[in-house]
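Here the structure is laid out as structure tokens; the discussion comes afterwards.
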Amino acid sequence: MNKLPELIFNISRKGKTGVSVSLNQFPDELIAINKKKLRNGIEDFPSLSEVETVRHFSNLARLNHSVDNGFYPLGSCTMKYNPKVNEKIAGIDNLSAHPYSPVDLVQGNLRIIKELEEWLIELTGMDSFTLTPSAGAHGEFTGMMIIRKYLTSLGDPRKIVLIPDSAHGTNPASAHFAGYDIREIPSNDEGIIDLEELKKHLDEDVAALMMTNPNTLGIFEKNIVEISKALHDNGSMLYMDGANMNAFLGIVRPGEIGADVIHLNLHKTFSTPHGGGGPGSGPIGVSKELSKFLPVPRITSEGGKLKVKYFTEEGIGRIKNYYGNFLVMVRALAYLMALGKENVSLVAEDAVLNANYIRKELEGHLDLPYKGKTLHEVVFSDSGLKVKTLDIAKRLLDYNIHPFTVYFPLIIHGAMMIEPTETESKETLDNFISVMKTILKEAEENPEYLKNSPHNTPVSRLDEVYAARKLILRWEKSEV
Amino acid sequence: MDLTNYKFSKDHEWVKIEDDIASVGVSDYAQKEMGDVVFIELPEKGSSFVKGDACSNIESVKAVNDIFSPLSGEVVDVNTTLEDTPENVNKDPYRSGWIYKIKFSDPAELTDLLDANQYEEYLKGI
């Protein structure tokens, strides 16, 4: 493991310099900035030679852990491996165009958007898609605005959105921003929505149910067809959060099980960059009766030519400037085309197989609060251990493994949510499983050692509480 | 600590009544479950809540948790010292860790709350 480099300020020595360009050798008119306005230097700015500076930052960069240099079981919900060919294609010269370009000059770009829409329609069974939203929560908000507009067109937007207690935190936030009050529905003993409990909440005020399927426990909501029927009988809509689409991509089409609105995350399921700031993309698919409310711009086909509609009579209007994050769409289309229609479902099959392999191997070693079948992820609990979830997560760092998601979903005590995704080999999974077993043995025999872990990383256990309470975001010269 | 004058909701808030004012905080069990508290969003003084409304939230190193108002009424005071010392919720949840005071409008709601013994029994079933 690399050591933590010294702070750049500490290795600075007065008088050292990196690149030195003498301004005197250039005539004044070639210097863009008026000489009088140039600073003489910045106080406390570090002085190093060029090579020292390069080494400093290279050594810092080497401390990064990413999916490119180690196992990263945060899964598709956070980040799965993005095949490099997508990046190559998104990097092709002249692929990006100015958003105000005349449509005649950007037919290829529009075709990319249109073809991706068609792929997503086919994969989800929805009637139509917009690719404009910038991320999942933006898509949720767009979807809830569409539901609001649709219900308003029927006479009453209604007041309440139901959300299960296992939901993603963004769901209540998005529904609230769209003007709805939230009512939480408890999960049953199996970790899924209880149909009878749901029916108790269905009244004329309920606009929609927002559910993630499979839910955040990785469990498929097996009553989904009855749930959507109960909602529709009540005049309410079913919003499906597609953050976990990786679990049944190419196998289940949400449009066929009653979803009225679904959002997908291109940066999750469709293998585009994520984490570290994106940009993301959260397309929305809607059923036929909601399609006229989609936001603009809409891409239409007329006589073999693609056109852009900037205004629709009944749509919710614009939700973002221009068309959305175009190069993310390029990566998603490249990903899908590389897989091919006949292979898309392998993503889900392998993701589910990998997660269940880990589940099977670790079941019995860790508490599994919900015993039902799980798909692309498995959620264990720290109940019965001498250490906490956080201690196990920290110890994993010593083995060069990025920890899984911890303490989510909230309905599980000390949740450890493990999602390996489809790209990991059996050897990688076996290594992870064996490391986990070693750690659990350590937890039993020497819990104190885990409570003080990690031991082999550049810095040991950080005081996260102190850091959160006394937030310091920039370096300041010590007074001493 | 003597909790005779405290009542508890099943969402793990406590209330302590003085005349028509109730102090509200979170139980010892809740603070342990949440872990170290790093930030508290206090309700606004003068705002009104219906019982069960999310009126404030507590951020710990693990997650952000809603505080559901155990009683209906108007917020008459908030514990601004928690802005600088959120750790009081962990160290002293029943005294200096109080979050807000509410002038409650419906004394009948008090009967829905548990006393300390009932709450302890309730925790055993979780």
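Throughout, read-outs are computed from the coordinates displayed, never taken from laboratory work. Note that this is a predicted model, so its numbers are computed, not measured. Please note: Cβ atoms are built from the backbone with ideal geometry, for glycine as well, and neighbour counts cover all protein chains shown.
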Note: A:465-473 gets an average of partner chain Cβ contacts (10 Å, Cβ to Cβ) equal to 4
Once the in-chain neighbours fewer than 8 apart are removed, the lysines whose Cα is under 17 Å from A:K360 read A:K371, A:K373, A:K426, A:K437
To the nearest 20 debye, the stretch A:94-339 has a Cα-centred charge dipole, built from +1 on Lys and Arg Cβ and -1 on Asp and Glu Cβ, of 1120
The longest stretch of chain A containing none of the chymotrypsin sites (Phe, Trp or Tyr not before Pro) that sit in a DSSP loop with at most 12 other Cβ atoms within 10 Å is A:101-309
Looks like the stretch B:85-126, by Cα gyration tensor root eigenvalues a ≥ b ≥ c and the a/c under 1.5 rounded cutoff (else prolate when a/b is bigger than b/c, oblate otherwise), is oblate
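Only sites in a loop by DSSP and with at most 12 other Cβ atoms within 10 Å count here; which trypsin sites (Lys or Arg not before Pro) in the stretch B:56-117 make the cut?
B:R95
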Magnitude of the Cβ-charge dipole (Lys and Arg +1, Asp and Glu -1) of the stretch A:8-61 about the Cα centre, nearest 20 debye, reported as 140
The rounded separation in angstrom of the Cα centers of the stretch A:171-245 and the stretch A:111-133 is 24
Within 10 Å of the Cβ of an average residue in B:33-41, the count of other chain Cβ atoms is 3
Expressed as a whole-number percentage, the relative contact order of the stretch B:6-124 with C-alpha contacts under 8 angstrom and at least six residues apart is 31
If amide H atoms are modeled at 1.01 Å from N in the peptide plane, then the residues at a separation of 5 or more from B:N57, or on another chain, having amide H under 5 Å from its own are B:E41, B:I67
Row for chain A, column shape: gyration tensor on C-alpha, a ≥ b ≥ c, rounded if a/c < 1.5 i.e. under 1.5, prolate if a/b over b/c, else oblate; value oblate
The answer for trypsin sites (Lys or Arg not before Pro) in the stretch A:64-99 that fall in a DSSP coil and have at most 10 neighbouring Cβ atoms within 10 Å is none
Length-normalised contact order of chain A, Cα under 8 Å, at least 6 apart, in percent, tallies to 18
Of the listed links A:K394/A:K451; B:K32/B:K62; A:K149/A:K292; A:K114/A:K309, those spanning more than 19 angstrom between alpha carbons are none
In whole angstrom, largest first, the equivalent ellipsoid semi-axes that the Cα gyration tensor gives for the stretch B:6-124 are 20, 18, 12
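Going through the stretch A:1-43, which trypsin sites (Lys or Arg not before Pro) have at most 16 other Cβ atoms within 10 Å and a DSSP loop state?
In loop regions of the stretch A:1-43 (DSSP not H, G, I, E or B), the sparsely surrounded trypsin sites (Lys or Arg not before Pro) are A:K3, A:R13, A:K14, A:K16, A:R39.
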